[in-house]
Every structure is written in structure tokens, then in C-alpha cells.
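Structure, as C-alpha cells:
What follows is calculated from the coordinates using simple rules that are stated; it is not laboratory data. Everything numeric here is computed off the predicted structure, so don't read it as measured data. Here Cβ is always computed from backbone atoms with ideal geometry, including for glycine, and neighbour counts include all displayed protein chains.
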Amino acid sequence: MNVYRDLNNLPNFRNAVITIGSFDGVHGGHQFILERVKELAREVDGESVIITFHPHPRLVVYPKDTSLRLINTIEEKITLLERYGIDNVVIVPFTIAFSQQSADEYIEKFLLEKFNPQWIVIGYDHRFGLNRQGDINYLKYYSQKANFQVDEIEPQQIDKITVSSTKVRKAIQAGEVKRATKLLGHHFILTGKVVKGQQIGKTIGFPTANIKPPSIHKLLPKEGIYATFVHHQGKRYEGMLYIGTRPTLPEHDNKTIEVNIFDFNKDIYGDELTLELIEFIRDDAKFDSLEALQAALAQDQISTLAILKKQPPQAINRATFNYPEVAVVILNYNGENYLKDFLPTVLASDYNNLRVVVADNGSTDGSLAFLAENYKDQVEILDLKENYGFAGGYNQALRQVHSPYYVLLNSDVEVTADWMLPIIEMMEKDPKIGAAQPKILAHHDKTIFEYAGAAGGWMDNWGLPFCRGRIMTNCETDNGQYDAPQEVFWATGATMFIRSNLYHDLGGLDAGYFAHMEEIDLCWRIKRAGYKVMAYPQSTVYHVGGGTLNYQSPRKTYLNHRNSLTTILKNESKRKLLWLIPLRLVLDGLVGVTYLLKGQFSHIWQILRAHGYMYANLGKTFRQRRIFSKLVKKASIGAPNRVGHLKKNMLFGYYLGGKKTFDKLVKR
């Protein structure tokens, strides 16, 4: 990323797509704008250009106002903008003279002369020029004669950005840095130089580096202890941060910011540190003695290490990462509206070696015509001619796609810009990971987990699937409780990352399933071959759900019961099947009673149909079992992997034990 601080020394940007703003925090709302700028830049083969100001305009216009606190210093902001893939950042020295420009001068002498933009991405409420006389309509008027276009950020998005900024600041000031991370899309960072302190921490076994922030306007969290990652000269260390007035030491009552870096013994006076605040540990407190303080710090260290161990690996060095080709394959059936809404988010993915393939499963709507008209140069289109179902359709499509990694992606999924790279990087580091999924949140309410996969799938001892974040139909609110990457039993077919060779070596999805639970069957084979299946919740997508077949459909009831029984017969040990199948018959009968009480008679019939299918096709299913077992044996890298398997009945815990959430259900 290029950074420019002198308006008189700017290059001739190629087809510049620009936006202007403070971007304090570079939070989720800002990231929406950044993605729009990058998307337009790709469309016009241009460069993304972010224009921001330093000092903050309020500090210049109202110099006596000392209340302003900024989430980021200018250097922190630059670091974040680079992380989000911006080509150029222009830091405009904000002065009284600059603020006195008329709206016409601002457009002609500043925007047009310095940037010659193809597009200007701006909010409806943006004001510029002396006395704020310029607005978006002024820009649109100029665009007619100056050969640029204006992309207006919708009012709802502007409101969201305003609210997000306020919420971020309030969360940080309250010490709720974990909540701030959710709003920001990254950890709150604090940078500063190491200065001399009183070296009291060293005398009690917890030496600290005292930090001096570069600006008095930097927002600081409330006083207390924080679990922290510390970056020094390109390396990341674990540590705990203290902010407070040291009430145990009244002779040193000045406010201090100091960090204890674990397993670190270097002289770093004068060096700059960057701290990522991960989680609040406790409030500042006064202790009766140094010994009591020492004991409290020892417990703080234990708590901090437990928190930091759950965090994902360090951010990827994009400059050195060798991007393997990834094929995102979207199986479409009459999903024209979903393609219109969500395909652009896939194409905006921040990944350097991406193929996007849409395999059309015999659609009868306008999907193919829409793709041909709008995306023929950006998307590979496979016309499968007929509807092979989810499982068969993917098998047909993936025979024609040759890439090291596949992503099986539902057409009704909205992805985020950075959803892909962290998972691929994780799989590249660990060749034993066969498949993985991101966190799946509901598109209609992005604060709750979505039914189809949530934060990773598990299996109970009776062959019943459930998820981190979703038990039965109870979908939990996402409060970060499942944000730690974890090995699971199955990954959702709505967004499944899988090694292509493993997909084919294990026979792919079982086409006989048509739809539903085919991904669980495949993941079970992956686990039987000794591979891992991972959930990586730092990558997030949003799923509409029920886009192909409604969750309450009788047809889905049939497929779920039929495919669940088939999956058990193909993958469980024969000894276990002797008691499990009779008990499943009883259990499914009880499920039928619940449908009877609700008057949902069609669902009862579908359960009976499912069991009838199982008995009528036992011979066929056991032949498949032998075929797939041979493939598993051939592809095996070790003993079968049972991680993500609950050794009890999920339904008993849910209905009889009242355990409605994943953490309560699996708690030993």
C-alpha cells in the first residue's frame, strides 16, 4: 500500500476510485465502504484511494476543545487500511487554510486536480467546503461535466457507521474490548514507545514495559488488567496490560500504562510496541501488600494465558503467503435473486488466486441468462442441464473443476471480504485438516447463529447432529462464546472448504442423498480416514437458510430421517448398529408423536417413509458401505478421528436436562 502525505507530490492515479473520511477505528461500517471502493476499482481496472485528514479537523477548527478521543492514531489507521487491502492512502494535512476552501475550490482544486477520479464513493450526508456548502448533490452536478461518477452510500449504512463509532468508543471506555473487537472486525490496538518506569514490577517477578502513547487524544480503555498480544519488531508475544494509578503504591499515584511481556527479556527502551487488547481480566484494585499484589498478578497471568491460547494464529503476512488456487463452486437452482444479491460479495473476496464457478442445476428461472449477461467474464458457468440435487450436482460439477481447494458455497450465502484467506492459511499449515467451515450467522439477524452449521457441527452417540451455537431449532446469540477455532465432527455444506484430492479420493458426496446431511456423511468419511474437520469462527459468513428447501418442509423431514439412518448404516461399526438401529426406531417414533400432538400428520408419514426406505434398501446401503470403506482405507493417514463426537444422547440432554446451548450440553 502506498501512503502519501504531501498533496504536491501525488502520482497520477490510474482510474482512481476515491472516498473521503475520518475512518476512525476502521470498523465494520467503514469496511463496507472500503469493499465498495475496491469493488468499483476492480470494475474500472483502477486504484482504490482513501483520503483522510491529519490532524483531525475538529482539533484544528476547535483548538480549545480537549474532549476529542480517537480510536486510532494516524499510524494505527494506516496499518488497518493496509490490512483491508487498500491500494493508496492520502493523508491530507488539515489546516485552517484548507478548511476555508469554497465547495467549488474543494472539487476543482482538490478532488479533480489531485485525484482525477473515475468514481467518488460518498455518503448522502457528506458536507465539504467553507460553511459546509457542498453536499452529494453538488458532487453529482459536477460529475455531469467532469467525467466522474458518484456512488452514494445508503442512509441506513451511514446511520450504521455513526452508531458503530459511538458503540466502539463506549465499549472501549467501559473496558469491553471483546465487544469492541466484534464491532471493529479486529482487535483494538494501542501503540506507543517504551519509556523508563520505576521498575517496581521487576522486584515482584513481573517486569513491565511502560508505554507512552503518541497522542493525548488517543482513546484509552478503563483502568484494569487486559489479556494482550504485544508486537515488537515483527514478532508477536503474549502479555498482560495494566492501565491504572497503582493504588497499592500510593507514593506512585500517577496514571501508568505498562505491559508484562511473557517469556521476554530484552532491553527495548525507546522501541515502539503495538498492543492488541483481547479481553478484560479484572478492575484495578488496591492490595494490602506487595505479596498480595504478586499473588493477584500470578492469577492474572494464568487467566491471560488461558484466553490467549484460544485466539487464532497470528495474522497472515500477505506479502509472503503462497496463495494456492481456490475454486468457489456455487451450485444454483432457480436462485437468480440470490445470485444478484450475493455473487458480488464472493467476487469481492480478498484472495489473490480465486476462481468462481457457478454450476447450474437445471434452473428454470433466468439464472443462466443473468449470469451470461452480467458475469460471463468474471465467473465460470457450468450448465448441468438437469437437477441432480445438491449432492449429485456437486459431483457433476467438481469433476470439471481442477483446483487444490474447493469451497462448496450455497447461493444464499453472503460472504465477508476476508472470509477465505485465514481458513486456507490454516489448512496450508496443517495438512491433516481435510475440511473446514467459517462461522455461519443468520442473514436476517446477524447477531444469531444460523441453523445450517453455526460454529461447527458435532454428532451425538445416536447419530444425531447438532452445532456449536445451535441445538435442535434453538439458535444462540453470538456473543463470541464459540470464537476459538476448534476441531469438530462435520462442516456445513453451506460453506465447506475441502481439499479437492480428498473430495475425489473419498468418493465425493453420496448422490443418493439428493440433499441434506450429505456433508455429514462425507465429513464422517474424512474423520474415519484420520483427517481433521475444523471450524474457524474468525471467518464469518451470513446464510439466508431454507433457500432451497424450507426447514419446516415435510420433504426435508423425509430427507433428514432417511439420510440420517443411511449415514449411520454406512459409517458406524456393525456391533453398534445392532442396538442403535432399534433405538433409533423408538426415538423416531417419539418424534412422530410430537408431530401428532401438533397436528402435523404429513411429517409423520415422511418419517414412516424414511424407515421404509431404510429397510427396503439395506442391501444397497451395505454395498455402498463396503465401497466407501475401501476408499477410506486407501485414503487413510491414521486412526479414525472421533473428535466432535458426544458420548451421550443430545435429545435427552435437551428435553430432559434442559440443556439448550452447546456449552451446557457438552459440559462434562
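The P(r) of the range 2-161 has a tail past 28 Å containing 14 percent of all C-alpha pairs. The stretch between Lys376 and Arg282 holds 28.3 nm of extra length on full extension. This uses 0.36 nm per residue minus the Cα-Cα distance.
When each of the peptides 165-175, 383-393 is scored by the mean number of other C-beta atoms lying within 10 Å of its residues, the order from highest to lowest reads 383-393, 165-175. Modelled spin-label separation between Asn147 and Arg625, with each label point placed 7 Å from Cα along the Cα-to-Cβ direction: 7.3 nm. For the pair Asp445 and Asn8, a Förster radius of 41 Å applied to the C-beta separation gives a FRET efficiency near 0.25, rounded to the nearest 0.05. Pairwise Cα distances in the range 187-309 exceed 22 Å in 28 percent of cases.
Ellipticity at 222 nm from helices only: DSSP H runs of n ≥ 4 in the chain, each -39500 (n - 2.57), divided by the residue count, give -11000 deg cm²/dmol. For the chain, the extents of the C-alpha atoms along the principal axes are 84, 74, 48 Å, listed from largest to smallest. For the cross-link pairs Lys202/Lys235; Lys532/Lys556; Lys77/Lys145, the ones whose C-alpha atoms lie over 25 Å apart are Lys532/Lys556; Lys77/Lys145. In terms of surrounding Cβ atoms within a 10 Å radius of their Cβ, Lys202, Lys182 rank from fewest to most as Lys202, Lys182. Each other residue within a Cβ distance under 15 Å of Tyr4 adds +1 if Lys or Arg and -1 if Asp or Glu, for a net charge of -2. Per residue, the Cα convex hull of the range 350-448 amounts to 143 Å³. Distance between the 7 Å Cα→Cβ label points at Ser303 and Tyr237: 2.3 nm. Net charge around Glu43, counting only other residues with Cβ within less than 12 Å of its Cβ (Lys, Arg = +1; Asp, Glu = -1)? Neighbour charge sum, excluding Glu43 itself: -1. When restricted to Cα atoms, the range 513-612 yields an Rg and a Dmax of 15.8, 44 Å, respectively. Rounded to the nearest Å, what's the spacing between the alpha carbon centres of the range 322-366 and the range 33-49? Just the number, please. Between the Cα centres of the range 322-366 and the range 33-49 lies a distance of 20 Å.
Cross-link check: pairs Lys38/Lys178; Lys309/Lys667; Lys574/Lys667; Lys309/Lys576 evaluated at a Cα-Cα cut-off of 25 Å; pairs beyond the cut-off: Lys38/Lys178; Lys574/Lys667; Lys309/Lys576.
As a proxy for reagent exposure, Cys523, Cys467 were ordered by neighbouring Cβ count within 10 angstrom, fewest first; the result is Cys467, Cys523.
Taking the Cα centroid of the range 638-659 and of the range 388-417, what is the distance between the two, rounded to the nearest whole Å? Distance between centres, Cα-based: 29 Å. Rounded, prolate or oblate: which fits the range 408-490, taking a ≥ b ≥ c as square roots of the Cα gyration tensor eigenvalues, rounded meaning a/c under 1.5, else prolate when a/b beats b/c? Verdict is oblate for the range 408-490.
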